[in-house]
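Below is one structure; the comments refer to it alone.
The values are calculated or read from the model by the stated rules, or taken from the named source; none is laboratory data. What you are looking at is a predicted structure, and each value in this text was computed from that prediction instead of being measured. Every residue, glycine as well, gets a Cβ built from its backbone with ideal geometry; the counts of neighbours run over all protein chains shown.
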There are 2 protein chains.
Amino acid sequence: MTRILVSEVGPRDGLQSIKAMMSLEDKKRWIAAEAAAGVPEIEVGSFVPPSLLPQMADTAELVRFARGIEGLNVVALVPNAKGASRAVEAGVHGMSLPFSMSETHSKKNLRKDHPEMIAEIGEASRIARGGGVHFAVGLATAFGCTLEGAVSEDQVVRLAEAAASAGAQELGLSDTTGYADPAQVRRLVRRVKAAVGDDMLTTLHLHNTRGLGLANVVAGLEEGITTFDASLGGLGGCPFAPGASGNIVTEDLVLMLNSMGFDTGIDLRALLKVRQILREALPGEPLYGFTPDAGPMLDYDERTAA
Amino acid sequence: MTRILVSEVGPRDGLQSIKAMMSLEDKKRWIAAEAAAGVPEIEVGSFVPPSLLPQMADTAELVRFARGIEGLNVVALVPNAKGASRAVEAGVHGMSLPFSMSETHSKKNLRKDHPEMIAEIGEASRIARGGGVHFAVGLATAFGCTLEGAVSEDQVVRLAEAAASAGAQELGLSDTTGYADPAQVRRLVRRVKAAVGDDMLTTLHLHNTRGLGLANVVAGLEEGITTFDASLGGLGGCPFAPGASGNIVTEDLVLMLNSMGFDTGIDLRALLKVRQILREALPGEPLYGFTPDAGPMLDYDERTAA
């Protein structure tokens, strides 16, 4: 069985996009329950200035908590070198820095143009490596931008190479805006892999804005992608890209991957129960996904044993 | 550009599964508006006994109406030879007979075991051919059954061969219960095509019960499937298979196919407006789909011109 890594990003990407605040205790319950269901990696928060995203102010504390869970890979988002220092200090296993392929989005989201971002990646990478921390770069708005529209594939390839040269140990393509279609995913993954090496591009971060999220996962699997970000209940999105809400739903992703015979290590039935924590902690917040209502197929256990 | 046929089944599969009745006039408005948006084929109803599905009592009248729309391929479902006669009489271009791969489901849905169904296919096929009408068989519950669980792939292959020998001019695989996963779609399409010939298996009828509908479309496209059934607003399902509700959503399917560069002939923006007819005709009925809320991507026109 091929191993596929499902990385839960709800505590970061989910929570940063909603108004309701989740308490530190509820976040801990959520993280502990997902880890217990077998989720191997969780992005627990973001080292942005708390004044910008108060919801992420407890990230360092969550990192320390999550580091106490055996077998869990604890990652966090960092917007810049300063965030990278805080992440190292807090003790993350890995960090991911978003690098927007749309320069308009980059300036609006992180207030830096492309050359400034590449310099920042270089500095953050040195800090991460110095602290023995895995350093990934997420190529945001790689499939299009709600501000610019189309983002040229040549530009994505060029910037992917620049990020790798600047020190990224791993790259991901992020459909920040829910623009990706499966043909584009196959084409762009293939082009970027050809440019930076097959092992450098591992991850897809997909949104379900237009319902194409899992279709894009299938395209990514065909091209050898081995890590998919997802958010429990489809919570979340990017607060700076209008209409971009909705990561792919962890529950539906895990059903699909397990049913296809991939090894995610995740117990779907245990995962479905974690949803109740979100319901209690975020009353009234919309949760997405089809599997929670329909449940696994009658022959689900036969499929996953295959 | 590769031509992909999107077949709208909402007036049949959608309406047969809901309690609310749609008037003949509203059905005509719906069919006319979808055809005007470029939808090339519509399953306008089912020639089942009206006592069983009163919602389908006006199918013959709808066929006559739809035949008046230039360029539209008018198809209907027929449960048996008697329905085939009525369909020929009404003047359909094509008919489709559902043949359930799960014998339990077959007995419950059409009150016939497999040998009886094959005999019925033979008779219906002779009636259709005699009337110059295209005759397709839909292999229902091909991916699993809410009553039996797993359906053996060997059995699906054997029954597909039997249906072809009995006179089917075309076959489809139907995920009546929303059980299919993309790996299974690829495997089963490949096996059935190998058994009956590449041109005989053309169609996938998919449900979105567990959110995997469009992911399964991608798998089907990879294996050379050229026709996909879908329902506007995701209306519908199978009333005899509990928990099976929800065809894939025409709006999201068309966005995906057009964006991928396939030629569907459908104007997405015109299609999105048709949804309003359902809202007016079926107040309170849940409608699905993401594209109606999000709208096309900013660069949608560039993608589809590619």
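Assorted remarks:
- Residue in the stretch B:103-119 that is within 14 Å of chain A (Cβ to nearest Cβ), farther than 22 Å from B:E41 by Cα and touching a Leu at 6+ places or on another chain (Cβ under 9 Å) present: yes
- Each residue in the stretch A:291-306 was checked for being hydroxyl-bearing (S, T, Y) and at the interface with chain B (Cβ under 8 Å from one of its Cβ atoms), and 1 of them qualify.
- Meets criteria (under 30 Å from A:D26 (Cβ atoms) and surrounded by fewer than 22 Cβ atoms within 10 Å (Cβ to Cβ)) for A:R158: no
- In the stretch A:39-50, the residues that are in contact with a strand residue (DSSP E or B) (Cβ under 9 Å, 6 or more places away or on another chain) and of a type outside the set (S, T, Y): A:V39, A:P40, A:E41, A:I42, A:E43, A:V44, A:G45, A:F47, A:V48
- Out of A:G132, A:G149, A:G144, sole residue that is modelled with pLDDT under 95 and at positive phi: A:G149
- Selection status of A:R210, more than 30 Å from B:S102 (Cβ to Cβ), more than 14 Å from every other protein chain (Cβ to nearest Cβ) and basic (K, R): no
- Selection status of A:A168, away from chain B (no Cβ under 14 Å) and touching a residue at least 40 places away in the same chain (Cβ under 8 Å): yes
- Qualifying residue in the stretch B:186-204 (condition: within 13 Å of chain A (Cβ to nearest Cβ) and assigned to a loop (DSSP other than H, G, I, E, B)): no
- Answer from B:A35, B:A66, B:A81 - the residue that is farther than 24 Å from B:G284 by Cβ and over 18 Å from the mean Cα position of the chain (by Cα): B:A81
- Qualifying residue in the stretch B:143-158 (condition: more than 17 Å from B:R191 (Cα to Cα) and among the aromatic types (F, W, Y)): no
- The C-beta contact set for the stretch B:286-297 (first residue over 23 Å from B:K19 (Cβ atoms), second residue β-branched (V, I, T) and in a loop (DSSP other than H, G, I, E, B), distance under 6 angstrom, 6+ apart or interchain) comprises B:A294/A:T209.
- The residues of the stretch A:143-164 that are more than 9 Å from chain B (Cβ to nearest Cβ) and either in a loop (DSSP other than H, G, I, E, B) or among the hydrophobic types (A, V, I, L, M, F, W, C) (or both), listed by number, are A:S152, A:V156, A:V157, A:L159, A:A160, A:A162, A:A163, A:A164.
- Qualifying residue in the stretch B:198-218 (condition: under 29 Å from B:E89 (Cα atoms) and touching a His at 6+ places or on another chain (Cβ under 9 Å)): no
- Considering the conditions (1) crowded, with 24+ Cβ neighbours inside 10 Å; (2) more than 30 Å from A:G144 (Cβ to Cβ); (3) without any contact (Cβ under 8 Å) to a residue 24 or more places away in the chain, A:G211 is excluded by exactly one of them, (2).
- Put simply, of B:G246, B:G265 the only residue that is touching a residue at least 12 places away in the same chain (Cβ under 8 Å), away from every other protein chain (no Cβ under 13 Å) and not β-branched (V, I, T) is B:G265.
- Residues that are assigned to a helix (DSSP H, G or I) and either aromatic (F, W, Y) or touching a residue at least 40 places away in the same chain (Cβ under 8 Å) (or both), drawn from the stretch A:32-53: A:A33, A:E34, A:A36
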